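Below is one structure, written out as structure tokens, with a few remarks after it.
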Amino acid sequence: MAETGNILHNIKKGVFIQMSLYIEVDHDRHIDLFVQDIGEGQPIVFLHGWPLNHQMFEYQMNTLPRKGYRFIGIDLRGFGKSDKPAFGYDYDTLAHDVKTVVEYLQLENFYLTGFSMGGPIAVRYATKFANKELAQLILAGPAAPSFTQREGYSHGMKKEEVDGLIQAIQNDRPAALKDFGEGFYHSDISESFGEWFHSLGLEASAHATIACAESLRDEDLREEVSQIEVPTLLLHGKHDEICDYAFSEILNEKIPNSTLIPFENSGHGMVYDEKEKFNQTLLDLLK
């Protein structure tokens, strides 16, 4: 296991610890994930969306530690500051990576938040790899139970549309990701914010971006979600143009102990569109 960084930050209510960690998730191939671990108290783990990284949760990272909670943001393999191997972008491997991080950090009674693509990865972790320490699942604008349309399931993108997105990435990744990101937020964002947001996607490797798009296209969790055994909170923007609001309505029907909270003024990016409501919802749940 590799670790770097150990910085103390003083705030009005005391001291909280920020640690930048590299955690090895594949010993044979020496694959490390970057993990941002800030604060003390009950931990809440964040899994980012495609093709971003943990920095998309900046406005949660700023708030939760100051309220006495521990923010843990994972850069999935291939994204952000994590290693970028040529393989391992199926949901099973990505969820197993999360398992390794959770066990290394020895997390107890933790909450797991999966945003967009992080949603189905969180679901796979909950159904296949979780231990008794997983207390709560939070799915925010999840790309689940299926991101693409299938027989008997008319929601989401057509597989051919995802193929077109992949081809656009292969031809001009910066332009393709910029076009994709234009439908992310419902609120007006500044030009500077848009440039920052676009830069997060460009930190990912091209091959991970494509491989995860293929996983989003091909994987189907419709039968799996009913196996979730922990309480699940669903948060979804009513104006979401990337992951249909109907996704969370279906999940609410299929997940035994689930609650759906709509975000009336949000698109896909509710973590910024309605960041105050999003943060307060998390804080209310953690209390």
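Residues that are among the hydrophobic types (A, V, I, L, M, F, W, C), more than 13 Å from residue 269 (Cβ to Cβ) and within 16 Å of the chain's Cα centre (by Cα) within the range 163-220 comprise 204, 208, 212, 213, 216, listed in sequence order.
Residue count for the range 157-201, restricted to those that are open to solvent by 60 Å² or more (accessible area, probe 1.4 Å) and not acidic (Asp, Glu): 12. Tell me, yes or no, whether the range 197-211 has at least one residue that is in contact with a helix residue (DSSP H, G or I) (Cβ under 8 Å, 6 or more places away or on another chain), assigned to a helix (DSSP H, G or I), over 26 Å from residue 66 (Cβ atoms) and in contact (Cβ under 8 Å) with a residue 60 or more places away in the chain. Looking for residues that are in contact with a helix residue (DSSP H, G or I) (Cβ under 8 Å, 6 or more places away or on another chain), assigned to a helix (DSSP H, G or I), over 26 Å from residue 66 (Cβ atoms) and in contact (Cβ under 8 Å) with a residue 60 or more places away in the chain, one finds at least one in the range 197-211, hence yes.
Report yes if some residue within the range 249-268 is in a helix (DSSP H, G or I), in contact with a Lys or Arg (Cβ under 6 Å, 6 or more places away or on another chain) and farther than 16 Å from residue 121 by Cβ; otherwise report no. Checked the range 249-268: no residue is in a helix (DSSP H, G or I), in contact with a Lys or Arg (Cβ under 6 Å, 6 or more places away or on another chain) and farther than 16 Å from residue 121 by Cβ. With the condition kept exactly as written, say whether any residue in the range 94-115 is of a type in the set (Gly, Ala, Ser) and under 21 Å from residue 69 (Cα atoms). Checked the range 94-115: at least one residue is of a type in the set (Gly, Ala, Ser) and under 21 Å from residue 69 (Cα atoms).
The values are calculated or read from the model by the stated rules, or taken from the named source; none is laboratory data. All values derive from a computational prediction rather than experimental measurement. Cβ atoms come from the backbone with ideal geometry, glycine included; neighbour counts cover every protein chain shown. The area values use the complete protein model at the heavy-atom level, side chains included, leaving out ligands, DNA and RNA. Shrake-Rupley method; radii C 1.70, N 1.55, O 1.52, S 1.80 Å.
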